[in-house]
Amino acid sequence: MAMIEELGAGFADKVMSAQSTFRTVMNAMARPGTVQRIEASLDAPAPMLPGTAAVALTLFDHDTTLWLDAPFAASSAVAKWLKFHTSAPLMAGAAYCNFALVAEPKRLPDFEQFCLGTDEYPDRSTTLILQVEQLSVGEAFELTGPGIDGTGELRAAGLPDDLIERLALNRELFPRGVDLLLVAGDRVAALPRTTRVVRKEA
């Protein structure tokens, strides 16, 4: 009990909260650009956001390798929390991770530094979980592709300045490539590798 109090508790109801969060993430992936709300509430160590913590408890386990960017890696509390609650092994190299937690998307490494999967096993690529400043506020992006009726729009603040160029190159690799989950507070949106993203003109 002392360990849990020191690190911060996980889901109050593990099964229901994990199922709810999983559905939320799947809805975000199926409907790129739509902002979904994660209902589970968690007390996670900084700089981890509540939504990021819920996604971690839902998707990570002892078989999923994990890479942390510099701000996350600098927090021993984050590493201890993840190890205690998920048992996910932390990787020193981004090229070998199933998931990457990124607290500072502006300093996001090139996608090529992560696992891009193979033509035979595209599912072995990295899913990038980016903590952004805002969702529904900020720069406007126009989205097209599977799961989008016509065109969609996503607004987000705190993303890399060259995100459009990175995503265009990533899309050309299909079926290989990374997928992105954007988290702000308890909100999440997804940009799968199949989505075409361009800046929306004012």
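The values are calculated or read from the model by the stated rules, or taken from the named source; none is laboratory data. Since the model is a prediction, treat every value here as computed from it, not as a measurement. All Cβ positions, glycine included, derive from the backbone under ideal geometry; neighbour counts span all protein chains shown. What goes into the accessible areas is simple: the full protein's heavy atoms, side chains included, and nothing from ligands, DNA or RNA. Shrake-Rupley method; radii C 1.70, N 1.55, O 1.52, S 1.80 Å.
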If we keep only residues of segment 145-164 that are crowded, with 16+ Cβ neighbours inside 10 Å and part of a strand (DSSP E or B), then the residue farthest from the chain's Cα centre (by Cα) is Gly152
Cβ-Cβ under 7 Å, sequence separation 6+ or interchain: first residue in segment 172-200 and within 16 Å of Asp123 (Cβ to Cβ) and of a type in the set (Gly, Ala, Ser), partner open to solvent by 40 Å² or more (accessible area, probe 1.4 Å) and modelled with pLDDT of 95 or more. Which pairs? Gly177/Arg171; Ala190/Met29
List the number of the failed condition for Leu116; all other conditions in (1) assigned to a helix (DSSP H, G or I); (2) farther than 21 Å from Ala18 by Cα; (3) in contact (Cβ under 8 Å) with a residue 60 or more places away in the chain hold. (1)
Unique match (being farther than 22 Å from Leu159 by Cα, surrounded by 17 or more Cβ atoms within 10 Å (Cβ to Cβ) and either in contact with a Cys (Cβ under 9 Å, 6 or more places away or on another chain) or modelled with pLDDT of 95 or more (or both)) among Ala100, Ala88, Ala79, Ala94: Ala88
From the list Ala74, Ala40, pick out the single residue that is of a type in the set (Gly, Ala, Ser) and within 27 Å of Gln113 (Cα to Cα). Ala74
(1) at pLDDT below 95; (2) in a helix (DSSP H, G or I): which one isn't true of Ser136, the others all being true? (2)
Of those in segment 10-29 that are among the hydrophobic types (A, V, I, L, M, F, W, C), surrounded by 14 or more Cβ atoms within 10 Å (Cβ to Cβ) and at pLDDT 95 or above, the residue farthest from Gln131 (Cα to Cα) is Phe22
Looking at segment 82-96, I want the residues that are of a type in the set (D, E, K, R) and have a partner that is at pLDDT below 95 and open to solvent by less than 80 Å² (accessible area, probe 1.4 Å) with Cβ atoms under 8 Å, at least 6 apart or on another chain. Which pairs are those? none
Output the residues belonging to segment 165-185 that are over 18 Å from the mean Cα position of the chain (by Cα) and under 18 Å from Leu108 (Cα atoms). Glu165, Ala168, Leu169
What number of residues in segment 165-198 are assigned to a strand (DSSP E or B) and either open to solvent by 10 Å² or more (accessible area, probe 1.4 Å) or closer than 12 Å to Gly145 by Cβ (or both)? 8
Looking at segment 38-54, is at least one residue free of Cβ contacts under 8 Å to residues at least 60 places away in the same chain, hydroxyl-bearing (Ser, Thr, Tyr) and either open to solvent by 50 Å² or more (accessible area, probe 1.4 Å) or over 26 Å from Leu173 (Cβ atoms) (or both)? no
